[in-house]
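Here the structure is laid out as structure tokens; the discussion comes afterwards.
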Amino acid sequence: MTAIPVTAGYLPGGMPYNRLGDGPHPMVIVQGLTFENKPQAGMMLGMYHFLAHDYTVYSVVRQPNLPQSYTLANMAADYAAMIRQEFGGPVDVIGVSTGGSIVQHLAADHPDVVRRLVIHSCAHTLGAAGKEVQLRLARLARERRWGDAYAALLGFMTQRHPLLKPFVWLMSQAMGLVDAPKDPSDLIVTIEAEDQHAFRDRLAEIVAPTLVIAGEDDPFYSPELFQETAGGIPGARLILYEGMGHPATGKQFERDVLAF
């Protein structure tokens, strides 16, 4: 099997990216919440390998050193400017988790840059539990308690699997030691921006063909929030997977995204 080429760097505007594949069409993944705005690796990149034969996939994070009080609309404008400069026209876009919040602004405010849109494990607003854990994460980041911050996030995402609790705690403490960001500000700014995300009344402004795809047991959102999101976007399709958490993954997910 031929290895899929992967590179990393910074796009116009200083936006960190990982690029994988060499397919004929560009695809932009607007990544979820990251502890540090830098090129990513591991699961965040790996769950989109299935696209690499048909697309050249750019997995893009927010620019580093975000100004205080930066909004999701500001972040969407950064992505729009990058897409215009780098690709010169509309591209297919997937926004995952926090990235899904950003792409709602991107598609509504900058329709010229989005050809087709996948809102992956995200809705028009966070659920109450999702808001609570992210604000806790921001508080821990301010105190630079990185092991506890990783534990809060990973523990929340795996709460339906209690047998994983000791492993998650040990892994979180290790990550806090070896992958501690130098500066928590980008994480905090992004969390505070998403805490204000309430897009239900603007969903009808999204004109790109849209797929909303997620797990029914996603701890950040409820099925009702996913249903409201798809229902508010003209012509959008909704796919929910029974028994799946955050983010949605798996062979059926891959088939459904490729079919769309």
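The values are calculated or read from the model by the stated rules, or taken from the named source; none is laboratory data. Remember, predicted model here, so these are calculated numbers, not experimental data. Cβ placement follows ideal geometry from the backbone for every residue including glycine, while neighbour counts extend to all protein chains displayed. Note: accessible area is taken over every heavy atom of the protein model, side chains too, but ligands, DNA and RNA are not part of it. Shrake-Rupley method; radii C 1.70, N 1.55, O 1.52, S 1.80 Å.
If only residues of the range 35-45 that are surrounded by 14 or more Cβ atoms within 10 Å (Cβ to Cβ) and within 21 Å of Glu254 (Cα to Cα) are counted, the one that is modelled with the highest pLDDT is Gln40. Residues of the range 175-196 being in contact (Cβ under 8 Å) with a residue 24 or more places away in the chain, in a helix (DSSP H, G or I) and farther than 28 Å from Gly243 by Cα, which ones? Scanning the range 175-196 gives Gly176, Leu177, Ser185, Asp186, Leu187, Ile188, Val189, Thr190, Glu192, Ala193.
This table checks each residue for (1) under 16 Å from Leu117 (Cα atoms); (2) surrounded by 14 or more Cβ atoms within 10 Å (Cβ to Cβ).
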| residue | (1), (2) |
| --- | --- |
| Asp218 | no, yes |
| Tyr221 | no, yes |
| Phe226 | yes, yes |
| Gly232 | yes, yes |
| Ala236 | yes, yes |
| Glu242 | no, no |
| His246 | no, yes |
| Thr249 | no, yes |
| Ala259 | yes, no |
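Within the range 31-53, does at least one residue satisfy the condition of being part of a strand (DSSP E or B) and touching a helix residue (DSSP H, G or I) at 6+ places or on another chain (Cβ under 8 Å)?
no
Residues that are aliphatic (A, V, I, L, M) and under 18 Å from the mean Cα position of the chain (by Cα) do not occur anywhere in the range 166-185.
Residue check: Arg160 meets all listed conditions (1) without any contact (Cβ under 8 Å) to a residue 60 or more places away in the chain; (2) over 20 Å from the mean Cα position of the chain (by Cα); (3) open to solvent by 10 Å² or more (accessible area, probe 1.4 Å) but one, namely (1).
Among the candidates Ala198, Ala151, Ala174, Ala204, single out the residue that is among the small types (Gly, Ala, Ser), closer than 30 Å to Gln68 by Cα, open to solvent by 30 Å² or more (accessible area, probe 1.4 Å) and at pLDDT below 95.
Working: Ala198 fails: at pLDDT below 95; Ala151 fails: open to solvent by 30 Å² or more (accessible area, probe 1.4 Å); Ala204 fails: at pLDDT below 95.
Result: Ala174 is the single residue among Ala198, Ala151, Ala174, Ala204 that is among the small types (Gly, Ala, Ser), closer than 30 Å to Gln68 by Cα, open to solvent by 30 Å² or more (accessible area, probe 1.4 Å) and at pLDDT below 95.
Return yes or no: is Gln68 in contact with a helix residue (DSSP H, G or I) (Cβ under 7 Å, 6 or more places away or on another chain), of a type in the set (S, T, N, Q), within 27 Å of Ala138 (Cβ to Cβ) and open to solvent by less than 50 Å² (accessible area, probe 1.4 Å)? So that I can check it myself, show each step before the final result.
Working: in contact with a helix residue (DSSP H, G or I) (Cβ under 7 Å, 6 or more places away or on another chain): yes; of a type in the set (S, T, N, Q): yes; within 27 Å of Ala138 (Cβ to Cβ): yes; open to solvent by less than 50 Å² (accessible area, probe 1.4 Å): no.
So Gln68 fails the test.
Evaluating Gly235 against the criteria (1) small (Gly, Ala, Ser); (2) more than 22 Å from Gly127 (Cα to Cα); (3) in contact with a Phe, Trp or Tyr (Cβ under 6 Å, 6 or more places away or on another chain) leaves one unmet condition, (3). Restricting Val189, Val212, Val168 to residues that are modelled with pLDDT under 95 and among the aliphatic types (A, V, I, L, M) narrows the list to Val168.
Return yes or no: is Met75 surrounded by 21 or more Cβ atoms within 10 Å (Cβ to Cβ) and either at pLDDT below 95 or within 27 Å of Gly176 (Cβ to Cβ) (or both)? Here the answer is yes, as Met75 does meet what is asked.
Suppose we filter the range 78-102 for residues that are buried (at least 23 other Cβ atoms within 10 Å of the Cβ) and farther than 21 Å from Glu216 by Cα; how many remain?
Restricting attention to the range 78-102, the residues satisfying the condition of being buried (at least 23 other Cβ atoms within 10 Å of the Cβ) are 79, 83, 93-102.
Those left that are additionally farther than 21 Å from Glu216 by Cα: 79, 83, 93, 102.
Looking only at that region, the number is 4.
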